[in-house]
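I have placed the structure first, in the form of structure tokens, so that the comments after it can refer back to it.
The values are calculated or read from the model by the stated rules, or taken from the named source; none is laboratory data. This one's a predicted model, so the numbers in the text were calculated from it and none came from an experiment. Neighbour counts run over all protein chains shown; Cβ positions are idealised from the backbone, glycine included. The area values use the complete protein model at the heavy-atom level, side chains included, leaving out ligands, DNA and RNA. Shrake-Rupley method; radii C 1.70, N 1.55, O 1.52, S 1.80 Å.
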Amino acid sequence: MKSDLSTSAAPLKGVGGPLRSSEPVRIVPAPSPAVVLLEEAADLLVVHLDFPAALQTCERAWQSLANGALADEPTGTFSEVKCSLCVVGIQALAEMDRWREVLSWVLQYYQIPEKLPPKVLELCVLLYSKMQEPGAMLEAANAWLQDPDNLGLPEYRTLAELHLHRVLLPLGYLSEAEKLVVDPAAFSEEQRLDALQAISTARQQQKHEHSHSEENQKLNQEGSFSNKFLSLLMLLRRLWDSTVSHFFALPFRKSLLAALILCLLVVRFDPASPSSLPILCKLAQIFHWIREAMFSSFYQLPIHD
């Protein structure tokens, strides 16, 4: 019992030694509203899968930051909270299939792409690349990489390589890719060799696709010409069939007159000339033969036993 009393009477030991009644008690400050809202947004996103509510909570946290929350905190804490809010908001927008709004949503808080945190820029590039829209990040990524304030960041080379493989090469911007690769701040020697190999492969593939498209275009043109030629032949055949059927539908004298006019136009001979008389006689005889061959069956008398 005595030992228990002595133990309870002993001074409490804190981090800096025995805690005496004369020393002030350290009070842990309450977290700021922005941090509380960040934790709530992350909980809504991961645990409850309530993506609209998570996005709304992130926007409330941004409003809290704009009103001066975390003003007394170090700059690193403020930037970290902003970056974390962006990450949660990007994931919420992507889950709601509103990924096209991601870049504009982020830029309304950072104003210019040069000020985007590396983690946020990386998520945006990966998202738009996955959705087959790398062109949406072309200007933003270029602006970020060209900003001198970002050159000293440890993530700079990682983002430069990501920009090369996920944006420039898929878009076919090979000249821009080569300019980026030769920058010593963007690529190490080993990375440069791999990047040049990737650019060379992309250029060969681009040439192959270009030649293939030219061949297809040529085949399409040839096919179009063939179709037009066949259509013309079919039209001429229909005109010829129509002319022949119309010609044979005319009475014999009219047919003969039409033949004479045709001879006048094509052969260019004078029917009044004595030299044309044998030709006219022969032509008349031919028409008589044709007429007898075509209509003889209609004039045959029936034969009775």
Determine whether the stretch 139-152 contains at least one residue that is under 19 Å from the mean Cα position of the chain (by Cα) and within 22 Å of L85 (Cα to Cα). yes
Test set (1) at pLDDT 95 or above; (2) open to solvent by 80 Å² or more (accessible area, probe 1.4 Å) - V25 fails condition number: (1)
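Give the residue, chosen from K82, K119, that is surrounded by fewer than 21 Cβ atoms within 10 Å (Cβ to Cβ), more than 26 Å from the chain's Cα centre (by Cα) and in a helix (DSSP H, G or I).
Testing whether each residue is surrounded by fewer than 21 Cβ atoms within 10 Å (Cβ to Cβ), more than 26 Å from the chain's Cα centre (by Cα) and in a helix (DSSP H, G or I) leaves just K82.
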Taking the stated definitions as given, is V125 modelled with pLDDT of 95 or more, surrounded by 14 or more Cβ atoms within 10 Å (Cβ to Cβ) and touching a Cys at 6+ places or on another chain (Cβ under 6 Å)? no
Looking at A61, A92, A54, A69 in this structure, which one is open to solvent by less than 40 Å² (accessible area, probe 1.4 Å), within 28 Å of Y128 (Cα to Cα), small (G, A, S) and modelled with pLDDT under 95? A61
For the stretch 183-205, the count of residues that are part of a helix (DSSP H, G or I) and touching a helix residue (DSSP H, G or I) at 6+ places or on another chain (Cβ under 7 Å) equals 8
Taking the stretch 95-104 and keeping residues in contact (Cβ under 8 Å) with a residue 12 or more places away in the chain and open to solvent by 20 Å² or more (accessible area, probe 1.4 Å) leaves E95, M96, R100, L103
Determine whether the stretch 173-182 contains at least one residue that is touching a residue at least 40 places away in the same chain (Cβ under 8 Å), in contact with a helix residue (DSSP H, G or I) (Cβ under 6 Å, 6 or more places away or on another chain), more than 27 Å from V88 (Cα to Cα) and surrounded by fewer than 17 Cβ atoms within 10 Å (Cβ to Cβ). no
How do the pairs read when you match residues in the stretch 31-44 that are in a helix (DSSP H, G or I) with residues anywhere that are surrounded by fewer than 18 Cβ atoms within 10 Å (Cβ to Cβ), using Cβ under 7 Å and keeping only pairs 6 or more apart or on different chains? L37/R60; L44/D50; L44/A53
